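Since every read-out is calculated from the coordinates, none of them should be taken as a lab result. Because the structure is predicted, anything quoted here is derived from the model rather than measured. Counting neighbours? That spans all protein chains shown, and the Cβs are built from the backbone with ideal geometry, glycine included.
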Amino acid sequence: MSELRVPPPVSFPDGGRRLIVYTIYDRRGDVDDYVVHALEGLRLHSARIIAVVNGRLTAVGRARLEPVVDELVVRENSGFDIGAQRHALRHLRDELTQYDEIVLTNDTWFGPVRPFGPVFERMNARAVHFWGMTDHAPEENNPITGKGTLPYHLQSYWLAVRREMFTSDRWERYWREMPALDSYTDAVVQHEIVFTAAFRDAGYVADVAFASDDYGCVNASLFAPRALIDDGCPVLKRRPFFHWPPFLDRYAVIGRWALDAAAEGGYPVEMALSNLARNVPPKVLNADAGLMDVIGADHPPYDPSRPMRVVVIAHIFYDEMTVEMIERADTLPMPYDLVVTTPDAERADRIRARIAALPGERGSVDVRIVESNDGRDQSAFLIGCRDVLISGRYDLVVKLHSKKTPQDGYNVGTHFREQQFLNLLHDDAHTSRVVALFQREPGLGLAYPPMIHIGYPTLGRAWWANKPGFERLADELGIRVPLDDVSPLAPYGSMFFARPAALRILVEQSWRYSDFGGAEAYQDGGLAHILERMPSYAAGEAGFHTRTVVAPDYAAVSFTALDYKLDEMSATTPGYAFEKIDRLRALGFVGRGSGKDFLRMYMRLNHMGTVHRLRRLMDPMRRPGRWIHRIADGVGRRWKNR
């Protein structure tokens, strides 16, 4: 078709044929439930669906995709989803004239969260050359390039193009002349933000199903996901659940409300949470999706008509805590089996006697003497109770231990113990409601209290010295869930509710007591402390999400303390929270605020180029650096020998 004349825009004809090109990337080569569900939703509105997979595809993934698509193409992972779309268009070149509309879309959204039908009907009636599901309003300061204006554009995760446009020379030339896309920024700058203007400026007519201007923001898919769903938008972008939480906080984006709106429309949010658990750092997901529950009267209690088989595994070193721990466990809303581990026979005898004297209805009681206390509750759980965890007899395990923390003083140790017990096993009503979470959410893998912050300097430092060892161990175990940057989402205190299946990766490993070292190895950087931080990442790899749980009375104490601390820490840095964090992270480690520290921070903030040049100059692997280090060593020796 000639470029000299653009044909008039047309509506989608009755009985017209729509082609869906759906691109997929999964670094594991898998195909998650949400992808299958989305394709099933699109089937009713398409004559043909072709799925293009970037990278590898497992046999299981192929078996899941083939029933819901008409054609499946697997290609090398290059050019992102745009490269995959170009590949599909070239692959179907001679067949494209069979269709009245092509929808170019991908796996970056969950849906249908509302029916596709009304949107297709509305857009079918509009005379256009192309349309998008959502758009991005122009911005004076381009956040992608840092300069110039970000132009108005339809968002590229959903571009529907009518025959009059995709059979044109202009269309063919656009894809032929597209430069290589080697980075995500390339994909945005060289395709997403230029596509709309490239064709509108040539005379083609565009439209959008849900305009960001109607929601008072530049990007409704990110900043107004709940409002879009309420207005009938059938897709929910994944980005609000993995974007940097302080940035979303600035714009009051509440991911939990978006998930609630999706669930109200019948969308099975468990499949969304399963995908996110595998691909988003757990603490980021906990914040973005609001996965903390204040367990109150609005939470339904345990439903005995859907019984769960529960085992309590308690490592008891301080046997004087036996009664307190078992009374906490007795708040469970069903008879439970009890497995107690302890280091020696004398403690075991005292524990058995104390349990026998307690009232209450329990199942079997098994007091075990572990071979070694190296690794403490971690080794006792993963080695001493491995047979219990892999038996398949239980739907839920409650992990407890006799936590005193005497080295931190009475107040701090007592608070830490209460923070654990109050939020997990507060009373009969509370515990019943925590167990009911697992009844309602089959994808819930773990529940435990939020990060301890009263009495401990965990805020901003909770990886401590454990991150390097964590990374190595995660790689060995095949855990590919991204790690959180500043602090992990973890059961500090090492007590939790869990599905045994969510712990499978940890439980199936053949641990030995010698792996944990002696008593001196029970410290940050040691295996026990690394494993304490690992459950949510192991669960995420298996597709299970985590919730943090807190009792209302403890929430009152914790939130007010956290609120005050954050207020004080923010007092000397202007701006929104994300701006404060940006500035502080740019400064780097503050240290003790010495003159040397301030000089380093000043140089990082104002002269980073000089810092990089000095680092290269001082590199002992380079010739100038070797000379400088030799001179410095010589001066140091002479000074020492004066």
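Please report the spacing between the Cα centers of region 332-402 and region 446-507 in Å, no decimals.
So the two Cα centres are separated by 23 Å.
Short version: ³J(HN,Hα) in whole Hz for each residue of region 295-302, in order, from phi by Karplus 6.51 cos²θ - 1.76 cosθ + 1.60 (θ = phi - 60°), x for Gly and Pro, what are they?
6, x, 5, 6, 8, x, x, 4
Where does each of 424-433, 291-300 land if you order them by average Cβ count within 10 Å, highest first?
424-433, 291-300
Apply the Karplus parameterisation 6.51 cos²θ - 1.76 cosθ + 1.60, with θ equal to phi minus 60°, to every residue of region 166-181 and state each ³J(HN,Hα) to the nearest whole Hz, in sequence, with x for glycine and proline.
The phi angles translate into 7, 9, 8, 5, 4, 5, 4, 5, 4, 6, 5, 8, 4, x, 4, 10 Hz.
Which percent, to the nearest 5, of DSSP beta bridges fully inside the chain are antiparallel?
Taking every DSSP beta bridge within the chain, about 30 percent pair in antiparallel fashion.
When Lys283, Lys404 are ordered from fewest to most other Cβ atoms inside 10 Å of their Cβ, what list results?
Ascending Cβ contact count within 10 Å gives the list Lys404, Lys283.
What is the list of residues in region 140-161 whose amide nitrogen lies under 14 Å from a point 7 angstrom out from the Cα of Ala197, following Cα to Cβ?
140-154
What number does region 322-454 give for Rg over Rh if you use C-alpha atoms and the Kirkwood radius?
Across region 322-454, the Cα-based Rg/Rh ratio is 0.95.
Computed from the coordinates I sent, Rg and Dmax of the Cα atoms in Å equals one of [x] 24.8, 82; [y] 31.7, 104; [z] 28.9, 96. Tell me the label.
It is the one labelled [z].
Please list the non-local residues whose amide H lies under 5 Å from the amide H of Trp158, H modeled 1.01 Å from N, same-chain partners needing a gap of 5 or more.
For Trp158, the qualifying residues are Met133.
Counting other beta carbons within 10 Å of each residue's own, what order do Lys399, Lys467, Lys565 fall into, fewest first?
On the way: Lys399 26, Lys467 19, Lys565 13.
Going from sparsest to densest Cβ surroundings: Lys565, Lys467, Lys399.
Taking H as built 1.01 Å from N, whose amide H comes closer than 5 Å to the amide H of Trp109, not counting residues under 5 places away?
Amide H to amide H, under 5 Å and 5 or more residues apart or across chains, Trp109 pairs with Arg238.
To the nearest 0.05, how large is the calculated FRET efficiency for Arg122 and Arg250 if R₀ is 30 Å and r is the Cβ-Cβ distance?
0.40
Find out how many positive minus negative residues lie around Pro359, taking Lys and Arg as positive, Asp and Glu as negative, among other residues whose Cβ is under 12 Å from that of Pro359.
In short, -2.
Give me the base-10 log of I(q)/I(0) for region 310-550 at each q in 0.07, 0.10, 0.13, 0.16 Å⁻¹, Debye formula, one uniform scatterer per Cα, rounded to two decimals.
Rounded to two decimals, the profile gives -0.20, -0.43, -0.77, -1.24.
In whole Hz, with x marking every Gly and Pro, tabulate ³J(HN,Hα) for region 94-99 from phi via Karplus 6.51 cos²θ - 1.76 cosθ + 1.60, θ = phi - 60°.
Along region 94-99, the couplings run 6, 9, 4, 5, 6, 10 Hz.
Take the alpha-carbon centre of region 9-33, take the same for region 77-139, and report the distance between them in whole Å.
Region 9-33 and region 77-139 have Cα centres spaced 7 Å from each other.
How far apart, in nanometres, would the label points at Ala571 and Leu587 be if each is projected 7 angstrom from Cα along the Cα-to-Cβ direction?
Spacing of the two 7 Å Cα→Cβ label points: 1.4 nm.
Exceeding 32 Å between C-alpha atoms, which entries from my cross-link table qualify? They are Lys283/Lys403; Lys399/Lys580; Lys147/Lys565. All intermediate terms of the calculation are to be shown ahead of the outcome.
Details: Lys283/Lys403 24 Å; Lys399/Lys580 38 Å; Lys147/Lys565 37 Å.
Pairs exceeding the cut-off: Lys399/Lys580; Lys147/Lys565.
Any idea what angle helix 410-424 forms with the longest principal axis of the chain, computed on alpha-carbon atoms, 0 to 90 degrees, nearest 10?
Once rounded, one gets 50 degrees.
Using only DSSP helix segments of four residues or longer, with each worth -39500 (n - 2.57), what per-residue ellipticity at 222 nm results for the chain after dividing by its residue count and rounding to 500?
Computed mean residue ellipticity for the chain: -11500 deg cm²/dmol.
With 10 angstrom as the radius, rank Phe578, Phe559 by how many other C-beta atoms surround their C-beta, starting from the fewest.
Phe559, Phe578
Pairs of alpha-carbon atoms within less than 8 angstrom and 6+ residues apart define the contacts here; what relative contact order does the chain have, in percent?
12 percent
Tell me which residues come under 5 Å, amide H to amide H, from Tyr302 once H is placed; ignore anything under 5 positions away on its chain.
Arg433, Ala436
Let me know the volume per residue of the alpha-carbon convex hull for region 390-476, in Å³.
Hull volume over Cα atoms, normalised by residue count, gives 165 Å³.
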